[in-house]
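Remarks on the structure that follows.
Derivation of every value follows stated rules applied to the coordinates shown; laboratory data play no part. Quick caveat: nothing in here was measured; it's all calculated off a predicted structure. Glycine gets a Cβ as well: all are built from the backbone with ideal geometry, and neighbour counts include every protein chain shown.
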Amino acid sequence: MQSQNKQLLSSCLQAVLEKWVAGDTAVLHQFWQEMKAQGTPLIEHQDDESCLVTFLWRDEERRLDTVCLAAGPAGFDFHLGQMARLADTDIWFRSYQMPRDAVMLYHLSPNNPLPAWGSPEWADMWDEFDPAVFQFDPLNPLRHADGSVLRLPDATAEPWFNELPDEQTGQLHIHDFEDNSLGSLRRARVYTPVGYEANGRSYPWLLLFDGSTYADAIATTMLDNLIAQTIIPPLVVVFVNGRWEDRQQDLVCNPAFNRFLVDELRPWLQANFRVSDDPGQTAVGGFSLGGLAAAFAAYQHPNIFGSVLAQGGFFQWSPEMNLHGLAHDTRSPASTNWLIRQFANAQRVPIRFHLDVGTYDFNGQPELHSNVLMANRHLRDVLQAKGYEVDYVEFNGGHDFVGWRRALPQAINWLMTHSAGSND
């Protein structure tokens, strides 16, 4: 596990501290001017494999009682991200030794009351996500809609977002319809690749939950580029979602949601688009709870969904879990990992799995057996022991879309270029 030692002190801050103690009052202004020019976090080379990454907050009026890092290498436990003031200066800092290829989102949180992980107060803060509490890093120009981006020097490039000429671009079709199984409005966005013909051949297809998030992040530019560069074959991708607040009903191993997929969405898709009815050419996927739901959909309907794509899948879920606060007894494996136990106890069915997860995806509880990283490793081991075909990837990132997006090209390539026949 990565170092969480908050006493780590960068050589740059050590030099600032020495000058400050010696009476150099101009050193703070000079330091912040340098940080403004180069951008934060402060990244210092350690060796060929790691950097020392220092997150910073400027407290010009010196009135703050606390500052903490939220998400990123601290996970979701505010105490693991608690920053320290550098002597009596205006600098708050927290340093981590990190792999040189890490990419992840984070926020900075001044005057955070630091509720305990899993408490109702902690859950309320994350649910409300007040922008006054979870702030962008003001000196970091790299931003995603959901937070500031930490991207270390050896992070892989993303050459999948170049604008292509019209003759190399697919189309995105949008359709809204009522979901009779759960009684809610759904939106489906359907990507069809360049060259798609309504009366032509059938295409392999991928169904993704939390469709608006995936569609905004990858469609259609990423798919167009991946197809143009023959990284993935031409395919149809279906992005489906309901209301965000319904996720904790839809995506927690809910048979009614699966009935919607099988009895309503799939027939509508087959009536309107040229998609394969071969489960070996059909994949279902999602991130976090969506990864859990994808595995459950295939578990219940392997005759329809032959492959699963799960990114940071929330496989520690159990019916007893309070998802808002996770405030239940997670010390016993019997109270977690419900779907993993179903796979362990059932006969193998013809499903293939791609699982990817960040090495920092531990919910702020790096030693807890039921965190996301540990649960994914557990599921991998169970599936492999049962004889399933599993493509398992760990990347140096967190529980966020900047990491999942980078993992998608390999995931889709594996799902769509391997036969599912080995599980029959």
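What to note about this one:
- Listed values (1) 21.9; (2) 24.3; (3) 22.9, entry calculated as Kirkwood radius over Cα pairs in Å: (3)
- Here the label points at ASP246 and ARG62, each 7 Å from Cα along the C-beta direction, are separated by 5.5 nm in the simple model.
- Segment ARG377-GLU121, extension gain: residue separation times 0.36 nm, minus the distance between their alpha carbons: 89.2 nm
- Förster radius 60 Å - calculated FRET efficiency between GLN347 and ALA157 (Cβ-Cβ, nearest 0.05): 0.90
- Difference of contour (0.36 nm per residue) and Cα-Cα distance, ASP278 to HIS79: 66.7 nm
- Here LEU172, LEU28, LEU415, LEU373 are placed in order of increasing Cβ neighbour count within 10 Å, fewest first, which gives LEU172, LEU28, LEU373, LEU415.
- Derived scalar couplings ³J(HN,Hα) [the range 272-288; Karplus, 6.51 cos²θ - 1.76 cosθ + 1.60; whole Hz; x for Gly, Pro]: 10, 9, 8, 10, 5, 9, 8, x, x, 10, 10, 10, 10, x, x, 10, 6
- Length gained when the stretch ASP146-SER335 is fully extended (0.36 nm per residue, less Cα-Cα span): 64.9 nm
- Nonlocal amide H pairs with HIS144, under 5 Å, H built at 1.01 Å: VAL149
- Between TYR392 and LEU355, the built amide H atoms are under 5 Å apart, and every one of these is 5 or more places off in sequence or on another chain.
- In nm, spacing of pseudo-spin labels at HIS175 and ASP216 (7 Å Cα→C-beta vector): 2.4 nm
- If R0 is taken as 22 Å, the Cβ-Cβ distance between GLU34 and GLN135 corresponds to a FRET efficiency of 0.55.
- Beta bridge orientation in the chain: antiparallel %, DSSP, nearest 5: 60 percent
- Summary of the geometry: the range 86-106 and the range 183-206, compared by the centres of their Cα atoms, lie 44 Å apart.
- Taking the range 218-241 and a reference point 7 angstrom along Cα→Cβ of GLN168, the backbone N atoms nearer than 11 Å belong to 224-230.
- Mean ellipticity per residue at 222 nm, deg cm²/dmol - from DSSP H runs of n ≥ 4 across the chain, formula -39500 (n - 2.57): -8000 deg cm²/dmol
- Relative contact order (%) - the range 166-423, alpha-carbon pairs under 8 angstrom, separation at least six: 17 percent
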